Amino acid sequence: MSDATELFCYNKGCAKKFMDKDNYAGACTFHPGEPYFHDAYKEWTCCKKRSVDFTEFLNYKGCTISRHNPEKPPEKEKPRAVDIPDISVAPPKPSAPIVRPDAQTPMTKLKTEVTPSLWKALQEQAGNQETQQKGKGDAKDSVRVGDACQHRGCGKAFAGAQSNSEICVFHPGVPIFHEGMKYWSCCQRKTSEFDQFMNQPGCEQGTHVWKKSDEEMKSVSACRTDWFQTGSHVSVNYYAKNSVPEKSVVEANPVKLHVKIVFDAGQSVFEKEFELDGIIDVENSEVTMAGPKVEVKLKKAEISVWKNLEWSK
């Protein structure tokens with residue numbers, strides 16, 4: 001090789017051209033490591049200089065001094081193609097669908113957990129209940145100007161005797177929130193917007209109800225309900241604040257759910273029984289009673305997607 005031949009240095013980070021006569025021990029500054037790219041960072045394994053800018057990374061000065069290297073490194077061997085034989089595998093036979101059990105199968109009370117926060121709230125509520133009743137007298141039975149109609153979705157307030165002759169337009173059902181949609185169980189007009197839901201006019205007409213007796217409160221109370229599902233479970237939330245565990249019951253059979261929740265210091269009762277859209281594993285279903293709500297977690301008998309919570313016959 002002639003000393004007059006210009007050579008190229010293959011050391012990483014150098015890439016300079018040089019004459020063989022000028023190649024001495026300190027002629028080359030380079031990176032002996034490898035470039036490494038991870039999470040938008042570029043760095044050299046030899047000196048850990050890091051940057052998110054590729055140009056800045058390329059301009060990092062080497063961390064090792066030695067002679068220039070005129071020898072081109074051998075190309076890395078390309079992986080050889082491997083013939084993979086076609087293997088035909090028969091698809092698994094679909095399992096036979098579970099036969100829907102009789103809805104009259106005996107009901108079983110679901111195992112229930114009461115959270116410490118609910119016990120604490122009930123103790124405080126019991127201590128304050130007597131104090132809250134003092135001084136009320138018969139005021140709870142009188143209707144005052146400004147009292148709101150008790151019908152859901154009405155929104156009218158008592159303005160005087162003339163209000164008693166007005167037609168009340170209301171929703172007899174309960175609000176349902178499911179998978180982003182909001183609607184009333186009585187008329188099924190679905191929307192994803194909360195304001196639109198709140199402004200939906202009622203679907204039934206009647207007279208205003210300004211006050212409810214204790215018995216009426218216990219017999220007709222409703223609570224907001226929503227539900228969601230995963231592949232293995234269905235969770236139903238009943239937003240009954242400060243439910244009373246010893247007076248409430250949640251029971252089920254494989255296709256039916258019965259819920260009775262006493263809440264609001266025992267002044268309100270919500271009760272409903274309905275057939276489920278799918279089949280559940282009663283033994284592995286459970287109830288959690290917390291301060292703001294009661295969650296019923298139903299274990300599906302098989303991995304599936306329910307179209308609805310309630311079964312449409």
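The values are calculated or read from the model by the stated rules, or taken from the named source; none is laboratory data. Bear in mind that the values here come from a model prediction, so they are computed numbers and not experimental data. Don't worry about glycine lacking a Cβ; one is built from the backbone with ideal geometry, like all the others, and counts go over all protein chains shown.
Some points to look at:
- Only one of the listed residues (105, 112) is in a strand (DSSP E or B), surrounded by 10 or more Cβ atoms within 10 Å (Cβ to Cβ) and either of a type in the set (Phe, Trp, Tyr) or at pLDDT 70 or above (or both). That residue is 112.
- Leading residue by the ranking (nearest to residue 107 (Cα to Cα)) among those in segment 238-275 that are in contact with a Pro (Cβ under 8 Å, 6 or more places away or on another chain) and of a type outside the set (Ser, Thr, Tyr): 253
- Exactly one residue out of 307, 299 is out of contact with any strand residue (DSSP E or B) (no Cβ under 9 Å at 6 or more places or on another chain) and closer than 19 Å to residue 97 by Cβ: that is 307.
- Number of residues in segment 13-48 that are in contact with a strand residue (DSSP E or B) (Cβ under 6 Å, 6 or more places away or on another chain) and in a loop (DSSP other than H, G, I, E, B) equals 7.
- Any chance residue 190 is within 21 Å of residue 306 (Cα to Cα), surrounded by 13 or more Cβ atoms within 10 Å (Cβ to Cβ) and of a type in the set (Lys, Arg): yes
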